[in-house]
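Notes for the one structure printed next.
What follows draws every value from the coordinates through simple rules; no lab data is involved. No experiment lies behind these values; they were computed from the predicted model shown. Every residue, glycine among them, receives a Cβ derived from its backbone with ideal geometry; neighbour counts consider all protein chains shown.
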Amino acid sequence: MPFFRRNGDIGLADLKLEEWRLQLVGIGDAASYKQFSNDVTSWMYGTNPSTEESVEVIVDLSKARPIIHEDDSKGEAATTKPMEMPQDTHVGIPGLLLTIEDIKRLPHVEMVTEFKCIEGWSEIVHWGGARFRDFLVAYPPHVSSSDDLRSAKIVTSLPEYIAFQTPDGQYYVGIEREVALHPQTLLAYELNGQPLTSDHGAPLRLVTPLKYGIKQIKQIGRITYMNQRPRDYWYEQGYDYYAGL
């Protein structure tokens, strides 16, 4: 299997696949889904049974600590860290708690793209996963109109931004809805024909050729639909918020 460079480990944890849950916040008619939870922050890794009804805990976007990194970091790869859950978690957030099987039920796609680091290096990578636009159709955000997400009005009916963060809340990024709708923006769970490893963001990461690697967050723990621009780790360190190609 071709080698893919790996940098950085902040925000990554050695999670058990059966314990992982993706929090989805801002979905329309959330209570109608079997994965609904009236508090998506109630799950603690390693303390609750690993069942389809299990939930995970993630710090609220407004309280996330600015300490993280992604594929584009300075320095060499380090050992994946154990999960360190934040102390000041925000409770009572309704939404969905999805398993990796929920993501894999979406149409599977593969693509080969050039992964570009903001530091100047790039590599050709073979990804597999689900288009984010298919995820949006399956789990549409709350909107004030009755627009069908499959219609020509999809752009105007979606929130302006999608926020992502790791399970411990230490790494966080935001992307624009136009990027989310691009056919090459994936929720990836495969790398070069194999399941993602923990150092490349298992079980789920964001992939898009429209952004540098600092925006392609690994080990997604929460996705939030929102109209205000979400926090972004590297923007807070002085980089361009949009970090596009």
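The table below lists the values:
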quantity: Spin-label pair PHE36/GLU160, simplified geometry with 7 Å Cα→Cβ offset, distance in nm; calculated: 3.0
quantity: Ranking of ARG229, ARG205 by count of other Cβ atoms within 10 Å, fewest first; calculated: ARG229, ARG205
quantity: Sorted by Cβ neighbour density within 10 Å, fewest at the top, the residues ILE103, ILE10, ILE217; calculated: ILE10, ILE103, ILE217
quantity: Neighbour net charge for VAL109 - beta-carbon separation under 9 angstrom, K R +1, D E -1; calculated: -1
quantity: For LYS218, LYS16, order by how many other beta-carbon atoms lie within 10 Å, fewest first; calculated: LYS16, LYS218
